[in-house]
Amino acid sequence: MSIYFDNASTSYPKPECVFEAMKYYCKNIGANAGRSAHRRSVYASKLVFETRESIAGLIGAKDSSRIIFTQNATEALNLSILGCGLKRGDHIITSSIEHNSVMRPLKFLEKERKILVDIIKCDKNGLLDPSDIKSKITKKTKFIIINHASNVIGTVLPIGAIGQIAHSHNILFLVDAAQTIGCMPFDIDENHIDLLAFSGHKALLGPQGVGCLYIREGIDLNPLKFGGTGSYSEFEMQPDFLPDRFESGTLNLPGISGLKKGIEFIKEKRIINIQKQMHALTDELINRLSKIEKLIIYGTRDKTLQTGIVSLNLNGKEPSEVGKVLDNEYDIAVRVGLHCSPQTHKTIGTFPKGTVRISLGLFNTTEHIDRLCEALCQITG
Amino acid sequence: MSDHWIIIFESVHFVMKAEKVLKEHGIDVNLVPTPRQISSDCGVALEVFEKKQNKIKNILQENALVPDGLYRKERNEYIIKN
Ligand SMILES: Cc1ncc(COP(=O)(O)O)c(C=O)c1O
């Protein structure tokens, strides 16, 4: 039996209805959205509209035209960071457990536009004290960027408290929800979120190739891409209305059809129940791993403080070696190394070797955990 | 007898939204190609059959939908009404 524990990278397997919908679209519809008035195109436009409405419902957005489809979470984060008009001397606050899709565009702006970046240090379990953010705010602070949960150790950050701070200081607040959308319920208004970026291919169970950015009303960004939108074609200027402003070029319609079904699937299960299921499985994983000698677990080890991600190391063994043996000899897929987040590994003390990351998904079982723990016991010897 | 209306929006997103909310109010509405006399764009417009213009306007307004153009079809002409 092949076992997949790399769901933080992308979820696998996807529900049958996801790839059935993609196949149906490719085989029977095929047309582009928003470009023509023939029935196939109208079908496609409706599909995109309904998917947007469904996503809006998921995050509590009242106006679904503020949901933008991107290629992935990385593009949504880049659009926010590069598009919000940061100038020389502007000050940005972020955490020490961000993904490279946040750190790299920030580093680019630091060098090219001389913006100032403050990286708030989380403790070795990834926990962050919101008052550390508050104390760094200056008159020049324009932007606070935080991931909702770490993709290395799963620690959930207090976005509610941070959003409150950002809101009361009139600072733009961007949340990277790549690791939480679809596996824990949250609301954009309650958390004062101005911009929310996420992938469609993780816990939303869609295929690769679709991500999203929610942009609160009143926030104006510059597009990353300019081009055809199917609207106002007689004008040479890029439209200023959403969603067209940020969706130049052909959308990934097979991907959107799959994502729509993935979201329907989790809505039917209800996210609150998914969270419970993941809590139970995470608890089981942490308990079982804790019993293995010579095994170090990173992070909070508390299911209520984290998502279904556990990073570990085996005493004296290279993470890459452990990953290889798990794959080759036990048919268990995990991710090893730095997980696109060297900052996090510096924070938890595992840079530059990294860790072995076990990330749970909706379709993992306790039997999978049994098999993993047996394998790890054998590897440690 | 109902009047024959054509409504266009900036983005196809709002055409779809307007179709949904008007239908929910039991109004007879179809998606049609935007008539060339109205716009040179190749997009989709809403065709609505309804006696009272205000009824349409109110539903759109309640849903924060702002038409780019609301036209009444009179024989072969489209008369702007918004
Ligand atoms: C926290 C976090 N941010 C951003 C990303 C980037 O997502 P994507 O691969 O969809 O661009 C990921 C996942 O890879 C992630 O875990």
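The values are calculated or read from the model by the stated rules, or taken from the named source; none is laboratory data. Quantities reported herein were computed from a predicted structural model and do not represent experimental measurements. Please note: Cβ atoms are built from the backbone with ideal geometry, for glycine as well, and neighbour counts cover all protein chains shown. Ligands, DNA and RNA are excluded from the accessible area calculation, which covers all protein heavy atoms including side chains. Shrake-Rupley method; radii C 1.70, N 1.55, O 1.52, S 1.80 Å.
Loop-only GluC sites (Glu not before Pro) in the range A:159-259, please: DSSP not H, G, I, E or B, and at most 15 other Cβ atoms within 10 Å. Don't jump to the answer; show the numbers that get you there.
Working: sites: A:Glu190, A:Glu217, A:Glu234, A:Glu236, A:Glu247; in loops: A:Glu190, A:Glu217, A:Glu234, A:Glu236, A:Glu247.
For GluC sites (Glu not before Pro) across the range A:159-259 that sit outside H, G, I, E and B with at most 15 neighbouring Cβ atoms in 10 Å, the list reads A:Glu190, A:Glu217, A:Glu234, A:Glu236.
Using just the alpha carbons, could you tell me how many Å³ per residue the convex hull of the range A:48-125 encloses?
On the way: hull volume 9.9 nm³, N = 78.
Dividing the Cα hull volume of the range A:48-125 by its residues yields 127 Å³.
Can you list residues whose amide H is under 5 Å from A:Leu116's amide H, if they're 5+ apart or on another chain and H is modeled 1.01 Å from N?
A:Gly89, A:Asp90, A:His91, A:Ile92
Sort A:Lys139, B:Lys17, B:Lys51 by accessible area with a 1.4 Å probe, largest first. Show your work: numbers first, answer last.
Numbers: A:Lys139 205, B:Lys17 35, B:Lys51 135 Å².
Listed by decreasing accessible area, they come as A:Lys139, B:Lys51, B:Lys17.
For A:Asn328 paired with A:Phe351, estimate the spin-label separation in nm (one decimal), with each label point 7 Å from Cα along the Cα-to-Cβ line.
Here the modelled spin labels are 3.1 nm apart.
Using θ = phi - 60° and the Karplus curve 6.51 cos²θ - 1.76 cosθ + 1.60, what whole-Hz ³J(HN,Hα) does each residue of the range A:370-380 get, with Gly and Pro shown as x?
With the stated coefficients, the range A:370-380 comes to 3, 4, 4, 5, 4, 4, 5, 4, 5, 5, 6 Hz.
Say we join alpha carbon atoms closer than 10 Å with springs in a Gaussian network model of chain A; which of A:Gly255, A:Gly209, A:Gly83 then has the biggest fluctuation?
Sorting by GNM fluctuation, first place goes to A:Gly83.
Report, in deg cm²/dmol and to the nearest 500, the calculated mean residue ellipticity at 222 nm for chain A, where each DSSP H run with n ≥ 4 adds -39500 (n - 2.57) and the sum is divided by the residue count. Intermediate results must be reported in sequence, preceding the final value.
Details: 11 runs with 140 residues, N = 381.
The helix contribution divided over chain A gives -11500 deg cm²/dmol.
Out of every Cα pair in the range B:4-80, what percent are spaced more than 15 Å from each other? Numbers along the way, then the final one.
Values: 1400 of 2926 pairs.
When every Cα pair of the range B:4-80 is considered, 48 percent fall beyond 15 Å.
Where in the range A:99-120 does the label zone of A:Thr138 land, with the point 7 angstrom along Cα→C-beta and an amide N cut-off under 13 Å?
In the range A:99-120, the label zone of A:Thr138 (backbone N under 13 Å from the point 7 Å along Cα→Cβ) covers A:115-119.
So what's the projected area for the range A:210-252, the Cα convex hull averaged over all directions, in nm²?
3.3 nm²
Relative to a virtual label point 7 Å from the Cα of A:Ile219 in the Cα→beta-carbon direction, which members of the range A:190-210 show backbone nitrogen distances below 18 Å?
Counting backbone N atoms under 18 Å from the label point, the list is A:190-200.
Of all trypsin sites (Lys or Arg not before Pro) in the range A:221-316, which ones are in loop regions per DSSP and have a Cβ with at most 10 other Cβ atoms within 10 Å? Before the final figure, lay out the partial values.
Working: sites: A:Lys225, A:Arg245, A:Lys260, A:Lys261, A:Lys267, A:Lys269, A:Arg270, A:Lys276, A:Arg288, A:Lys291, A:Lys294, A:Arg301, A:Lys303; in loops: A:Lys225, A:Arg270, A:Lys291, A:Lys294, A:Arg301.
Of the trypsin sites (Lys or Arg not before Pro), the ones in loops of the range A:221-316 whose Cβ has at most 10 other Cβ atoms within 10 Å are A:Lys291.
Using DSSP, restrict attention to beta bridges with both residues in the range A:16-268 and report what percent are antiparallel, rounded to the nearest 5. Walk me through the numbers before you get to the answer.
On the way: 10 of 27 bridges.
Percentage antiparallel, nearest 5: 35.
Distance between Cα centroids, the range A:180-218 to the range B:25-56: provide it in whole Å.
Comparing the Cα centres of the range A:180-218 and the range B:25-56, I get a distance of 33 Å.
Apply 1/(1 + (r/R0)^6) to the Cβ-Cβ distance of A:Glu236 and B:Asn82, taking R0 = 22 Å, and write down the FRET efficiency to the nearest 0.05. Don't jump to the answer; show the numbers that get you there.
On the way: r = 26 Å, r/R0 = 1.17.
Given R0 = 22 Å and the Cβ-Cβ separation, E is 0.30.
For the range A:109-117, in order, what is each residue's ³J(HN,Hα) by Karplus, 6.51 cos²θ - 1.76 cosθ + 1.60 with θ = phi - 60°, in whole Hz (x at glycine and Pro)?
So the Karplus estimates, Gly and Pro as x, are 5, 4, 7, 7, 10, 6, 7, 10, 10 Hz.
Apply the Karplus parameterisation 6.51 cos²θ - 1.76 cosθ + 1.60, with θ equal to phi minus 60°, to every residue of the range A:118-134 and state each ³J(HN,Hα) to the nearest whole Hz, in sequence, with x for glycine and proline.
These are the phi-based 3J(HN,Hα) values: 9, 9, 7, 6, 8, 6, 6, 9, x, 6, 10, 9, x, 5, 5, 6, 4 Hz.
Per-residue Cβ counts within 10 Å, from other chains only, averaged over B:14-20: what number is that?
Numbers: counts 4, 6, 12, 6, 0, 3, 4.
Per residue, the number of nearby Cβ atoms from other chains is 5 on average.
What order, most packed first, do the peptides A:65-78, A:100-113 have when packing is the mean number of other Cβ atoms within 10 Å of each residue?
Numbers: A:65-78: 23.3, A:100-113: 17.0.
Ranking the peptides A:65-78, A:100-113 by packing returns A:65-78, A:100-113.
Calculate the all-directions average of the projected area of the range A:294-381's alpha-carbon convex hull, and give it in nm². If you can, show how the numbers build up before the last one.
Numbers: hull surface 23.6 nm².
One quarter of the hull surface, i.e. the mean projection, equals 5.9 nm².
Pop out the Kirkwood hydrodynamic radius of the protein assembly as shown from its pairwise C-alpha distances, inverse of mean 1/r, in Å to one decimal. Don't jump to the answer; show the numbers that get you there.
Values: mean 1/r = 0.0419 Å⁻¹.
So the Kirkwood estimate lands at 23.9 Å.
What is the set of long-range amide H partners of A:Tyr232 at a cut-off below 5 Å, with H atoms built 1.01 Å from backbone N?
Correct list: empty.
Which FRET efficiency value, to the nearest 0.05, do you get for A:Leu305 and A:Cys17 by plugging their Cβ-Cβ distance into 1/(1 + (r/R0)^6) with R0 = 45 Å? Provide the component values of the computation, followed by the final result.
Working: r = 33 Å, r/R0 = 0.73.
That pair, A:Leu305 with A:Cys17, gives E of 0.85.
Using a 1.4 angstrom probe on heavy atoms only, work out the carbon and sulfur share of the accessible area of chain A in %.
Working: 7980 of 15990 Å².
Ligands and nucleic acids excluded, carbon and sulfur give 50 percent.
For chain B, what is the accessible area per residue in Å² when the probe is 1.4 Å? Present the calculation step by step, with values, prior to reporting the outcome.
Values: 4510 Å² over 82 residues.
Accessible area per residue, chain B: 55 Å².
Which of the three applies to the range A:160-269, rounded, prolate or oblate, going by the alpha-carbon gyration tensor with a ≥ b ≥ c and a/c under 1.5 meaning rounded?
Since a/c reaches 1.5 but b/c is at least a/b, the shape of the range A:160-269 is classed as oblate.
Label-point separation (nm) for A:Met1 and A:Thr250, each offset 7 Å from Cα along Cα-to-Cβ?
4.2 nm
Roughly what would the spin-label model give for A:Ser168 and A:Phe226, points 7 Å off Cα along C-beta, in nm?
Result for the modelled spin labels: 4.2 nm.
Mind running the shape call on the range A:235-296? Use the C-alpha gyration tensor, a ≥ b ≥ c as the square roots of the eigenvalues: rounded below 1.5 for a/c, prolate if a/b tops b/c, oblate otherwise.
Working: a/c = 3.96, a/b = 2.55, b/c = 1.55.
Prolate is the answer for the range A:235-296, as a/c is 1.5 or above and a/b outweighs b/c.
For the protein assembly as shown, what proportion of DSSP beta bridges, expressed in % and rounded to the nearest 5, is antiparallel? If you can, show how the numbers build up before the last one.
Numbers: 40 of 60 bridges.
Roughly 65 percent of the DSSP beta bridges within the protein assembly as shown come out antiparallel.
Across the residues of A:234-241, average count of Cβ atoms on other protein chains within 10 Å? Don't jump to the answer; show the numbers that get you there.
Working: counts 3, 1, 0, 0, 0, 2, 1, 7.
What the average comes to for A:234-241 is 2.
Near the amide H of B:Val44, under 5 Å away, which other amide H atoms are found, from residues 5 or more places off or on another chain, if H is placed in the peptide plane?
Close amide H contacts, sequence-distant or interchain: B:Thr34.
At a temperature of 10 °C and a viscosity of 1.306 mPa s, determine how fast the range A:16-268 diffuses translationally according to Stokes-Einstein, using the Kirkwood radius over alpha-carbon pairs as Rh; express D in µm²/s, rounded to the nearest whole number.
On the way: Rh = 18.8 Å.
Roughly 85 µm²/s, to the nearest whole number.
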